[in-house]
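Worksheet for the structure shown next.
Please treat every number below as a calculation from the coordinates, not as lab data. What you see is a predicted model, and the numbers here were worked out from it, not measured in a lab. Virtual Cβ from ideal backbone geometry, glycine too; neighbours counted across all protein chains shown.
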Amino acid sequence: MTNDLRGLRTWAEALPKVELHLHLEGAIPLPALWQLMQKYGGDPSVASEADLRGRLTYTDFPDFIAAWIWKNGFIRSYDDFSFIAEAVARDLARQNIRYAEVFFSPTRFVDQGLQPQGLARAIRKGLDRVPESEVRLIADLVRDHGPEQAAETLVEIQGVLDQGIVGIGIGGSEHLYPPEPFAPVYAAARKLGLRTSAHAGEAAGPGSVRGAVEALQVDRIGHGIAARDDADVLALLAERQTPIELCPLSNVATGSLARIEDHPVRQFWDAGLMLTVNTDDPGMFHNSMADEFVVLHEVFGFSRDQIKTFVLNGINASWQAADSKAAMAQAFRDDPAWR
């Protein structure tokens with residue numbers, strides 16, 4: 001590692017940061033996941049944390065999903081969710097991520113007897129143990145379950161909006177479940193005062209991005225990389241200034257892109273899009289926000305000042321109140337690491 005790169009990494013690690021696209025169940029730090037595994041008897045094929053790290057590597061997106069399901073098998077109780085929420089929050093604080101909006105999946109664990117409202121309360125209990133990082137929640141309604149189930153989940157979470165739930169999203173199998181059928185659910189969420197995001201253009205084409213913007217009227221787009229293939233969709237995003245939750249290293253880890261050099265972040269920047277940078281599933285991909293910033297500089301040539309623009313975009317695109325955004329932006333600019 002050159003002195004310049006070492007200096008950049010040190011600066012990136014110290015920089016105050018925000019994160020807007022982070023999945024709770026995909027952000028569990030390796031030691032915490034290992035501890036959970038031992039609680040439930042472990043896995044004979046995974047004898048150490050080093051083996052666990054090796055288990056969490058993927059050949060393609062289906063392989064990643066298989067690993068995700070395997071990992072979820074060790075999350076079995078409300079106490080487990082409090083435990084992982086605290087572990088994730090401590091990792092955010094360690095990275096100097098001052099504010100995060102984190103996806104959780106209210107219905108993925110119903111088969112284990114964990115109900116959406118209890119899940120939200122358990123997660124909040126763990127998050128509140130770490131006041132150094134402010135974390136708000138986004139309910140992933142999971143498109144694979146269909147719009148009817150999404151509507152039912154929205155009704156369920158109405159009773160726990162006081163647990164810091166600020167928005168909804170739809171993750172899951174984007175190529176099988178387009179956004180348009182979820183439009184009534186998104187309209188209902190807006191009536192509740194919730195903000196909205198959608199995974200779009202990660203595993204499907206630019207039409208998925210257009211559908212999220214026009215049919216769902218989202219406040220933000222998760223990933224959005226397929227917009228690079230349609231000049232009209234790019235122009236739509238630029239005109240509306242719909243914030244994009246970019247996750248560059250994730251897109252390579254899941255096989256959405258063959259190489260990091262193929263990521264359209266520079267194309268999007270030059271087209272005038274509103275861009276934020278995030279890690280997505282750092283417990284699964286072994287990446288950090290500092291890693292993402294180093295890639296922005298080393299691969300795509302973004303300067304430190306431009307990287308700070310990505311950070312400020314994250315504040316502006318967050319779902320905080322306007323006065324909180326202004327105060328946070330000023331606090332970041334006043335931080336010694338910002339200079």
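Of the trypsin sites (Lys or Arg not before Pro) found in segment 211-302, the ones in coil according to DSSP and having at most 15 other Cβ atoms within 10 Å of their Cβ are Arg259. You can think of it this way: the chain between Gln117 and Arg190 has 24.3 nm of extra reach, that is 0.36 nm per residue less the Cα-Cα gap.
Positive end of the dipole of the chain (Cβ unit charges, origin at the Cα centre): among His175, His145, His223, the Cα lying farthest that way belongs to His223. Give me the distance between the Cα centres of segment 183-216 and segment 38-54, rounded to whole Å. That distance is 38 Å. Taking the charge dipole of the chain about its Cα centre, with +1 at Lys and Arg Cβ atoms and -1 at Asp and Glu Cβ atoms, the residue from Tyr40, Ala89, Cys247 reaching farthest to the positive side is Ala89. Give me the percent relative contact order of the chain, please, defined on Cα pairs under 8 angstrom at least 6 residues apart. Once divided by the residue count of the chain, the mean separation gives 19 percent. Over all distinct Cα-Cα pairs of the chain, the Kirkwood formula returns a hydrodynamic radius of 20.2 Å.
Based on C-alpha pairs under 8 angstrom that are at least 6 apart in sequence, segment 20-92 has a relative contact order of 49 percent.
Which listed residue (Trp338, Ala238, Ala321) has the Cα farthest towards the positive end of the charge dipole for segment 218-339, taking +1 on Lys and Arg C-beta and -1 on Asp and Glu C-beta about the Cα centre? Farthest along the dipole direction, towards plus: Trp338.
The alpha-carbon atoms of segment 106-196 define a convex hull whose volume equals 99 cubic angstrom per residue.
Distance between the 7 Å Cα→Cβ label points at Ser77 and Phe300: 4.3 nm.
Once the chain from Ala329 to Asp270 is taken as fully extended at 0.36 nm per residue, the excess over their C-alpha distance is 18.9 nm.
Along the Cα-to-C-beta direction of Ile260, a point sits 7 Å from the Cα; which residues of segment 294-312 have their amide N less than 20 Å from that point? 294-311, by backbone N distance to the label point.
Using a 10 angstrom cutoff on alpha carbons, build the Gaussian network for the chain and name the most mobile of Asp91, Asp232, Asp219. Result for the chain, Cα springs under 10 Å: Asp232 fluctuates most. Model label sites at Val155 and Ser173, defined 7 Å from Cα along the beta-carbon direction, differ in position by 2.5 nm.
Annotation: extensible slack from Trp338 through Glu214 equals 41.0 nm (criterion: 0.36 nm per residue apart, minus Cα-Cα distance). Reported to the nearest whole Å, the Cα centre-to-centre distance from segment 267-339 to segment 58-101 is 21. Magnitude of the charge dipole for the chain, about its Cα centre and with charges confined to Cβ atoms of Lys, Arg (+1) and Asp, Glu (-1), is about 760 debye. Structure remark: mean-square fluctuation, Gaussian network model of the chain, C-alpha springs under 10 Å; the largest value among Gly26, Gly159, Gly126 belongs to Gly159.
Between Gln115, Gln95, Gln35, the Gaussian network model of the chain with springs among Cα atoms under 10 angstrom shows the greatest mean-square fluctuation at Gln35.
Assuming R0 = 56 Å, what is the FRET efficiency of Glu180 and Asp128, from their Cβ-Cβ distance, to the nearest 0.05? It comes out at approximately 0.90.
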